[in-house]
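Novice: Shown below is the structure under consideration.
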Amino acid sequence: MTTELSLPMRIVARLAAHGIEFFARLITAVRAEWIGVEPIPGQRVYYANHASNGDFVLIWAVLPRRLRKSVRPVAGADYWMGSGLKRFVGRHVFNAVLIDRTGGAPREAAVEQMAEALDQGASLIIFPEGTRNLTEEKLLPFKTGLYHLAHARPETAFVPVWIENLNRVMPKGEIVPVPLLCKVTFGSPQHLDGDDKETFLGRTRNALLELSAPLS
Amino acid sequence: MIPDLIYLLASIIGLLIVASVIGAILERTYSPDGENAVIENLNARIRAWWAMVVLIGIAFLAGRAGVVILFALCSFAALREFVTLTNAHRADHWTLAASFFVVIPLQYWLIWAGEYGIYSIFIPVYCFLLGPIVSALRGETRNFLVRVAEVQWALMICVYCASHVPALITLKIEGYEGRGVLLIAFLIVVVQLSDVLQYVWGKLLGRHKIAPKLSPSKTWEGFVGGVASATLIGSALYWLTPFTPLQAGIMAFIIALMGFFGGLVMSAIKRDRGVKDWGHTIEGHGGFIDRLDSVVFSAPIFFHLTRFWWT
């Protein structure tokens, strides 16, 4: 997608990426903990808890640059197709896979889009709760999209990613972030292994919840 | 000022070279494949010391603006670690955001401007009153006293006390004009060497723990040895200061003592919150507060003693 851009705009996109990463690190001093996988190249779907708008930025920021190039966050088109700036950042800085959440498109279309991105060699960042978790619960029940994607591409490795503290940095409705230390923990990859929908969603959700227990 | 500062920085770099050589020999002899955790940690600490000395050296050479900016950034990083461990609620969001983005810049600007009359009361009077007002306006009463007290203590430690390090440069001491940065160097060298020497004496001779519940690594042997050697070193560094050797020794003794108790108090907070380190930003040391805890407790006392008797 980035190839559509002229050279100056590519430089702008690159600078914006550095700026966003610097800002994320300044506010959160984010640290990655690779418990279940190594930060090495390989196609993966990173699935994470979703409590803040900055969630995917944090995952993206802790990925080594080599991995970052091939990772595409899956995000709502309604948000990222908004203003010109958001559109530029969403498409050309993060190279997001933008899906229609408004219900206008058939449900299969979103899974189709993600599968297509996998076929092109990309890794993905997804939030299987489907929406931001603003409740006191640690993790909402998963939507079925994760299962449908696993069913469509059964070879895929699904890596659970727990994001700690970011919801406190920027609670809903606040504009100014409060700097706090954040941690991103990567767990063991999960595969479909022929499971049915309930089993797979339960297993992947538990794998994510396990990472939320404090380790130190 | 410059020749003495260069001389001091050169000695510190010499000390670090010696430490690095010893670290490398220990690693080659006892831990060639990184199997000895103590030696690995020692070498990580020495590497981090290099980075810290380079940063502090640059700040010193840049003078007043340099040290003010360096410690403002330290306050930012320390406050970030402290608030992470508090019960801060969504209702405290504006209080906290203001602490980071208004209080820190303002406090350090006042220090830079040398406004003693304001910077010495800005946080303990104005922030301590205005912060709870902002939090109360959001109407969340659960844990209110705990939340308010935590933010106040965080500001006191991470901003107010830390800002008294660069404040030393603004003291007007007769016959000591333009040498204020050396007073900061004296404080930092004494307090950090005291920490290091307590660690070394403790590792060599440590038998009797002072407060096993608070900090398993603090021993009477380490404490006495560390404070005594830091006092002697401080006395030998009198040429940096406006003090006589005896006065410098007494100051160094007070600095080392306050530094020790600062470490103890900050350990108590860590144990209470069930963490080993304040953060992870400084390889081998933990967080910024792990490195600053002793400095922040000694800085205001050292500042006021010097201000009272020498200005």
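Novice: Mind listing whichever residues of segment B:134-190 are closer than 26 Å to B:Ala59 by Cβ, among the basic types (Lys, Arg) and buried (at least 17 other Cβ atoms within 10 Å of the Cβ)?
Specialist: Answer for segment B:134-190, where residues must be closer than 26 Å to B:Ala59 by Cβ, among the basic types (Lys, Arg) and buried (at least 17 other Cβ atoms within 10 Å of the Cβ): just B:Arg179.
Novice: Moving on. So A:His92 fits all but one of (1) without any contact (Cβ under 8 Å) to a residue 40 or more places away in the chain; (2) farther than 17 Å from A:His151 by Cβ; what number is the exception?
Specialist: (1)
Novice: Additional query: State whether the residues of segment A:193-202 include one that is crowded, with 22+ Cβ neighbours inside 10 Å and either within 25 Å of A:Arg68 (Cα to Cα) or away from chain B (no Cβ under 14 Å) (or both).
Specialist: Checked segment A:193-202: at least one residue is crowded, with 22+ Cβ neighbours inside 10 Å and either within 25 Å of A:Arg68 (Cα to Cα) or away from chain B (no Cβ under 14 Å) (or both).
Novice: Let me ask you something else. Within the group B:Ala236, B:Ala230, which residue is away from chain A (no Cβ under 14 Å), buried (at least 21 other Cβ atoms within 10 Å of the Cβ) and under 30 Å from B:Glu177 (Cα atoms)?
Specialist: Only one candidate passes the filter, namely B:Ala230.
Novice: Among the residues of segment B:78-101, is there at least one that is away from chain A (no Cβ under 14 Å) and either touching a His at 6+ places or on another chain (Cβ under 9 Å) or not charged (D, E, K, R) (or both)?
Specialist: Within segment B:78-101, not a single residue is away from chain A (no Cβ under 14 Å) and either touching a His at 6+ places or on another chain (Cβ under 9 Å) or not charged (D, E, K, R) (or both).
Novice: Please go through segment B:1-55 and pick out each residue that is acidic (Asp, Glu) and loosely packed, with under 11 Cβ neighbours inside 10 Å.
Specialist: Those that are acidic (Asp, Glu) and loosely packed, with under 11 Cβ neighbours inside 10 Å: B:Asp33, B:Glu35.
Novice: Please name all residue pairs, on different chains or six or more residues apart, with Cβ atoms under 8 Å, provided the first residue is in segment B:199-218 and is surrounded by 13 or more Cβ atoms within 10 Å (Cβ to Cβ) and the second residue is part of a loop (DSSP other than H, G, I, E, B) and hydrophobic (A, V, I, L, M, F, W, C).
Specialist: B:Lys218/B:Ile210; B:Lys218/B:Ala211
Novice: Residue pairs, Cβ under 8 Å, 6 or more apart or interchain, first in segment B:269-287 and within 11 Å of another protein chain (Cβ to nearest Cβ), second surrounded by fewer than 18 Cβ atoms within 10 Å (Cβ to Cβ) and among the small types (Gly, Ala, Ser). List them.
Specialist: Within 8 Å, the pairs are B:Val275/A:Ser216; B:Lys276/A:Ser216; B:Ile282/B:Ala48.
Novice: Considering only segment B:115-147, state which residues are more than 24 Å from the chain's Cα centre (by Cα) and among the β-branched types (Val, Ile, Thr).
Specialist: B:Ile133, B:Val134, B:Thr141, B:Val146, listed by residue number.
Taken together, the values in this text are just the output of simple stated rules run on the coordinates, not laboratory data. It should be emphasised that the depicted structure is a prediction, and the values quoted were computed from it without experimental measurement. Methodologically, a virtual Cβ is constructed for each residue, glycine included, from the backbone with ideal geometry; neighbour enumeration extends over all protein chains shown.
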